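Notes for the one structure printed next.
The values are calculated or read from the model by the stated rules, or taken from the named source; none is laboratory data. If you're wondering where the values come from, they're calculated on a predicted model, not measured in any experiment. Positions of Cβ are backbone-derived with ideal geometry, glycine not excepted, and every protein chain shown enters the neighbour counts. Just so you know, the surface numbers come from the protein's heavy atoms only, side chains and all, with ligands and any DNA or RNA stripped out. Shrake-Rupley method; radii C 1.70, N 1.55, O 1.52, S 1.80 Å.
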Amino acid sequence: MNRSFHKSQTLRLYDCSAVEVKSKFGAEFRRFSLNRHKPGKFEDFYQLVVHTHHISNTEVTIGYADVHGDLLPINNDDNFCKAVSSANPLLRVFIQKRALKASLKRCHLMRT
């Protein structure tokens, strides 16, 4: 028996309509699946992410790595659907606290 063959690999091999999502917040990773053809609304996805990471009382921004490795935002229904449809086979999601992102941007502007 191959011990490296997990349920998520089974899902990916046999169910083309499923998109595996790997989300990262700080040093913590979470995995879950979405339906590629009916991913739902951005607000529902946002609530799922913050619930999964146990950060319901924290305002965050969500981004994803596209096929070129660029970090793009997920902040509305259109770019959420684009992120899900472009995932092959994995959607890599990155979560940042909003206040932290704004302070990093200010720090970067001060250095330039």
Quiz item: Excluding ligands and nucleic acids, what accessible area in Å² is computed for Glu20 using a 1.4 Å probe, to the nearest 10?
Solution: 20
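Would you mind calculating the gained length between Glu43 and Asp66 on full extension (0.36 nm times residue separation, minus the Cα-Cα distance), in nm to one decimal?
Gain on stretching Glu43 to Asp66: 6.2 nm.
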Practice problem: Could you order Ser33, Ser56, Ser17 by accessible surface area, starting with the largest, using a probe radius of 1.4 Å? | Solution: Ser56, Ser33, Ser17
Quiz item: Spin-label point model (7 Å from Cα, Cβ direction): what's the Ser17 to Arg98 distance in nm?
Solution: 3.5
